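The structure under discussion appears below in the form of structure tokens.
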């Protein structure tokens with residue numbers, strides 16, 4: 001059974017067939033999905049989705065792209081939402097210096113303030129890091145947060161090992177199957193399987209052989225198969241270990 005640790009089923013790309021697709025996931029060996037908030041609106045939608053479907057859980061938070069829109073009162077709302085029984089994490093939060101849709105100083109401020117929320121709760125954080133690897137790591141290290149996952153990991157093996165020392169996990173998705181994925185393959189090969197979470201980032205980053213199409217949780221099988229190939233162990237073993245790891249990470253039975 002697969003656990004999609006990072007998806008965006010509230011995205012408009014699923015407007016035409018969202019319910020049909022979600023209800024069909026269990027027929028494709030998908031048992032759990034965490035729908036990820038990127039702003040206040042999508043965070044609320046994620047909670048609504050989690051309330052509607054028993055196998056869907058929510059994460060709430062504000063993505064660095066949306067940091068400039070965050071209001072001071074929104075932090076209190078996020079704290080409140082984190083008490084919801086179907087909300088399992090804070091995120092995705094972090095820094096994105098590729099697009100700079102929000103000024104970098106505001107990104108930093110919002111990232112640090114959201115991390116502060118998680119210092120007083122037991123739920124993990126979901127980290128977005130793009131072209132800001134060292135700064136994201138340093139900010140997390142300087143905080144008191146010691147449980148999270150770096151979504152769509154793109155950093156070095158050395159940094160991945162440092163994250164693991166902090167109590168963090170490495171999020172791996174369709175990029176692992178791409179031709180130019182040597183850096184990520186090296187990470188997956190050399191970190192313990194017990195520190196890997198699988199994800200789709202649906203509707204984005206569909207794996208080979210369906211690259212370029214709308215991604216969904218059914219495609220996790222390709223990621224698991226690639227991890228098994230890299231680590232030279234049985235697919236069934238990878239599937240079982242990652243499922244248990246992810247359930248424990250999100251404190252689910």
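So if R0 is 51 Å, what FRET efficiency would residue 182 and residue 73 give, r being the distance between their Cβ atoms, rounded to the nearest 0.05? Once the sixth-power term is evaluated, E becomes 0.65.
Label-to-label distance, residue 214 versus residue 28, with points set 7 angstrom from Cα along the beta-carbon direction: 1.1 nm.
A Förster radius of 30 Å, combined with the Cβ-Cβ distance separating residue 232 from residue 54, puts the computed FRET efficiency at roughly 0.25. A crude spin-label estimate for the pair residue 142 and residue 252, with each label 7 Å from Cα along the Cβ direction, gives 3.4 nm. Among 1, 49, sorting on how many other beta-carbon atoms sit within 10 Å of each Cβ, with the fewest leading, yields 1, 49.
Taking 7 Å steps out from each Cα toward its Cβ at residue 19 and residue 156 produces label points 5.1 nm apart.
Evaluated at q = 0.13, 0.15 Å⁻¹, a Debye calculation over the C-alpha positions of the stretch 2-249 (equal weights, vacuum) places log10 I(q)/I(0) at -0.75, -1.03. Using the Cβ-Cβ distance between residue 1 and residue 105 with R0 = 51 Å, the FRET efficiency computed as 1/(1 + (r/R0)^6) comes to roughly 0.75. Ordering 80-93, 137-150, 215-228, 99-112 by mean Cβ neighbour count within 10 Å, with the highest value first, yields 215-228, 80-93, 137-150, 99-112.
Read-outs: derived from the displayed coordinates by stated rules, not from any lab. What you see is a predicted model; the values in this text were computed from it and never measured. Here the Cβ is made from the backbone with ideal geometry for all residues, glycine too, and neighbour counts use every protein chain on show.
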